[in-house]
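Step one of this worksheet: look at the structure below.
The values are calculated or read from the model by the stated rules, or taken from the named source; none is laboratory data. Since we're looking at a predicted model, the values are computed, not measured. Positions of Cβ are generated from backbone atoms using ideal geometry, with glycine treated the same way; all protein chains shown enter the neighbour counts.
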Amino acid sequence: MRYAYAVEIEVEPEGITITCPDVPEMITCGDTEAEALARATDALVSALSFYTDDGRPLPVPTATGMHIVSVPALAAAKFALNDAMVAAKLSNVELARRIGIDEKSVRRLRDPLHRSHIGQVETALAALGKRVLIDIAAAA
């Protein structure tokens, strides 16, 4: 899955507000459009972390638009791990057993706000029959 979501930009008297139709928890703002868009990535990762905290699948991007916000590569891998675990109905304890680490470490691997090594997330994904592919695109 590609963790890139269309956002809506609203010009208000006090500045710019950005929201995401697919992730209603995501909202950020700035004095300028550039400033608000620069903050949008962090806001999106934070909003999506609510889903991983609750063990829910992440919303599938459905909206299209002129402005697309994507999450960083490590966060995308962590979100993919969360979605794979939810789909497989696999607990943190069971994944930890499969890859030979403790449950606390699995919780950290699923937490997009925690720094992890991408290799550890790849190992966890591999245990679920998944692999990470990187797509590089021109910056907008």
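Taking Ala88 as the residue in question, decide whether it is in contact with a Gly (Cβ under 7 Å, 6 or more places away or on another chain) and of a type in the set (Gly, Ala, Ser). Steps first, please.
Numbers: in contact with a Gly (Cβ under 7 Å, 6 or more places away or on another chain): no; of a type in the set (Gly, Ala, Ser): yes.
Here the answer is no, as Ala88 does not meet what is asked.
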Out of all the residues in the range 2-17, which are among the β-branched types (Val, Ile, Thr) and out of contact with any Asp or Glu (no Cβ under 7 Å at 6 or more places or on another chain)?
Val7, Val11
Scan the range 50-80 residue by residue and report those that are assigned to a loop (DSSP other than H, G, I, E, B) and touching a strand residue (DSSP E or B) at 6+ places or on another chain (Cβ under 7 Å).
Pro61, Ala63, Thr64, Gly65, His67
Would you call Lys78 among the basic types (Lys, Arg), surrounded by 17 or more Cβ atoms within 10 Å (Cβ to Cβ) and outside the structural domain of Glu8 (by TED's automatic domain parsing)?
yes
Filtered residue count, the range 100-140, keeping only those that are touching a Lys or Arg at 6+ places or on another chain (Cβ under 6 Å) and exposed (fewer than 15 other Cβ atoms within 10 Å of the Cβ):
1
Quick test for you: out of Cys29, Cys20, pick the one residue that is buried (at least 20 other Cβ atoms within 10 Å of the Cβ), over 22 Å from His114 (Cβ atoms) and either in contact with a strand residue (DSSP E or B) (Cβ under 7 Å, 6 or more places away or on another chain) or touching a residue at least 24 places away in the same chain (Cβ under 8 Å) (or both).
Cys20
Would it be correct to say that Asp135 is part of a helix (DSSP H, G or I) and of a type in the set (Asp, Glu)?
no
Can you tell me which of (1) surrounded by fewer than 15 Cβ atoms within 10 Å (Cβ to Cβ); (2) closer than 22 Å to Glu8 by Cβ; (3) of a type outside the set (D, E, K, R) is the one Ala47 doesn't meet?
(1)
For the range 81-99, enumerate the residues that are surrounded by fewer than 22 Cβ atoms within 10 Å (Cβ to Cβ) and not in a loop (DSSP other than H, G, I, E, B).
Asp83, Ala84, Val86, Ala87, Ala88, Asn92, Val93, Glu94, Ala96, Arg97, Arg98, Ile99
